[in-house]
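This report concerns only the one structure given below.
The values are calculated or read from the model by the stated rules, or taken from the named source; none is laboratory data. Only a predicted model underlies this, so the values are computations on that prediction, with no experimental measurement involved. Ideal geometry is used to build each Cβ from the backbone, glycine not excepted, and the neighbour counts take in all protein chains shown.
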Amino acid sequence: MEILPKHYYKVIMRAGGHQREGRCFDLRVQELSPEESLQYKVVDERGASEPTHIVVFRDTEHPRIYIGWVKEDSKERLVFNLGGGKEYEFRP
(Lines give C-alpha, C1' and ligand atoms only; values in the text may rest on other atoms or scores of the structure.)
Protein backbone atom coordinates (compact mmCIF):
# COMPACT_ATOMS: atom_id res chain seq x y z
CA MET A 1 0.00 0.00 0.00
CA GLU A 2 1.30 3.44 -0.82
CA ILE A 3 1.76 5.49 2.34
CA LEU A 4 1.36 9.24 1.94
CA PRO A 5 2.46 11.87 4.48
CA LYS A 6 -0.26 13.86 6.27
CA HIS A 7 -2.91 11.41 5.09
CA TYR A 8 -5.69 9.79 7.15
CA TYR A 9 -6.10 6.00 7.17
CA LYS A 10 -8.73 3.64 8.47
CA VAL A 11 -7.20 1.37 11.11
CA ILE A 12 -8.71 -1.92 12.30
CA MET A 13 -7.27 -3.36 15.51
CA ARG A 14 -7.78 -7.08 16.13
CA ALA A 15 -6.97 -9.03 19.29
CA GLY A 16 -8.47 -12.07 20.97
CA GLY A 17 -11.48 -12.30 18.67
CA HIS A 18 -12.35 -8.62 19.15
CA GLN A 19 -12.14 -5.93 16.52
CA ARG A 20 -12.14 -2.14 16.83
CA GLU A 21 -12.08 0.41 14.02
CA GLY A 22 -10.72 3.91 14.06
CA ARG A 23 -8.76 6.49 12.10
CA CYS A 24 -5.11 7.39 12.20
CA PHE A 25 -2.71 9.70 10.42
CA ASP A 26 1.02 10.22 9.97
CA LEU A 27 1.48 6.49 9.26
CA ARG A 28 5.07 5.31 8.82
CA VAL A 29 6.46 1.80 8.34
CA GLN A 30 10.18 1.15 8.58
CA GLU A 31 12.12 -2.05 8.10
CA LEU A 32 14.39 -2.95 11.00
CA SER A 33 18.04 -3.72 10.35
CA PRO A 34 19.25 -7.16 11.50
CA GLU A 35 21.06 -5.50 14.42
CA GLU A 36 17.92 -3.63 15.51
CA SER A 37 15.80 -6.73 15.08
CA LEU A 38 18.00 -8.72 17.46
CA GLN A 39 17.19 -6.28 20.27
CA TYR A 40 13.58 -7.48 20.35
CA LYS A 41 12.11 -10.89 21.06
CA VAL A 42 8.42 -11.26 20.30
CA VAL A 43 6.44 -14.37 21.14
CA ASP A 44 3.76 -15.35 18.66
CA GLU A 45 2.08 -18.50 17.40
CA ARG A 46 5.34 -19.72 15.86
CA GLY A 47 7.37 -19.20 19.02
CA ALA A 48 9.96 -16.52 19.73
CA SER A 49 11.41 -14.70 16.74
CA GLU A 50 12.83 -11.33 15.78
CA PRO A 51 10.45 -8.71 14.34
CA THR A 52 11.17 -7.22 10.92
CA HIS A 53 9.37 -3.84 10.91
CA ILE A 54 8.32 -0.93 13.09
CA VAL A 55 5.05 0.95 12.51
CA VAL A 56 4.40 4.45 13.85
CA PHE A 57 1.14 6.39 13.64
CA ARG A 58 -0.97 8.94 15.48
CA ASP A 59 -4.56 8.41 16.50
CA THR A 60 -6.94 10.67 18.40
CA GLU A 61 -5.22 9.91 21.71
CA HIS A 62 -1.46 9.91 21.14
CA PRO A 63 1.38 8.55 18.96
CA ARG A 64 1.69 4.77 18.80
CA ILE A 65 4.79 2.72 18.05
CA TYR A 66 4.63 -1.04 17.46
CA ILE A 67 7.21 -3.61 16.48
CA GLY A 68 6.30 -6.76 14.53
CA TRP A 69 5.91 -8.19 11.04
CA VAL A 70 4.19 -7.09 7.84
CA LYS A 71 1.67 -9.87 7.26
CA GLU A 72 0.18 -8.45 4.05
CA ASP A 73 1.04 -5.46 1.91
CA SER A 74 -1.34 -5.02 -1.02
CA LYS A 75 -2.72 -2.02 -2.86
CA GLU A 76 -5.89 -2.05 -0.73
CA ARG A 77 -4.43 -2.65 2.73
CA LEU A 78 -1.44 -3.18 4.99
CA VAL A 79 -1.73 -5.78 7.76
CA PHE A 80 0.81 -5.57 10.59
CA ASN A 81 1.17 -8.54 12.96
CA LEU A 82 2.30 -7.79 16.53
CA GLY A 83 2.39 -11.40 17.69
CA GLY A 84 0.24 -12.97 20.38
CA GLY A 85 -2.82 -12.85 18.11
CA LYS A 86 -2.78 -9.05 17.76
CA GLU A 87 -2.73 -7.22 14.45
CA TYR A 88 -3.40 -3.82 12.92
CA GLU A 89 -4.88 -3.36 9.46
CA PHE A 90 -4.50 -0.03 7.66
CA ARG A 91 -6.61 1.05 4.67
CA PRO A 92 -6.60 4.26 2.63
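Within the stretch 43-65, can one find any residue that is of a type in the set (S, T, Y) and touching a Pro at 6+ places or on another chain (Cβ under 9 Å)?
no
Output the strands (runs of 3 or more DSSP E) that fall wholly within the chain and possess 1 or more residues being in contact (Cβ under 8 Å) with a residue 12 or more places away in the chain, or say none. Step through it out loud before you land on a result.
Working: elements: 8-15, 18-31, 42-44, 47-49, 53-58, 63-73, 78-83, 86-91.
Counting at least 1 such residues, we get 8-15, 18-31, 42-44, 53-58, 63-73, 78-83, 86-91.
Mind telling me which of the residues L38, L4, L32 ends up being among the aliphatic types (A, V, I, L, M) and either surrounded by 12 or more Cβ atoms within 10 Å (Cβ to Cβ) or at pLDDT 95 or above (or both)? I'd like the intermediate steps shown before the answer.
Numbers: L38 fails: either surrounded by 12 or more Cβ atoms within 10 Å (Cβ to Cβ) or at pLDDT 95 or above (or both); L4 fails: either surrounded by 12 or more Cβ atoms within 10 Å (Cβ to Cβ) or at pLDDT 95 or above (or both).
On inspection, the qualifying residue turns out to be L32.
Per-residue answers, yes or no, for (1) surrounded by 10 or more Cβ atoms within 10 Å (Cβ to Cβ); (2) at pLDDT 95 or above:
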{"site": "K10", "(1), (2)": "yes, yes"}
{"site": "R14", "(1), (2)": "yes, yes"}
{"site": "V43", "(1), (2)": "yes, no"}
{"site": "E61", "(1), (2)": "no, no"}
{"site": "I67", "(1), (2)": "yes, no"}
{"site": "L78", "(1), (2)": "yes, yes"}
{"site": "N81", "(1), (2)": "yes, no"}
{"site": "G85", "(1), (2)": "yes, no"}
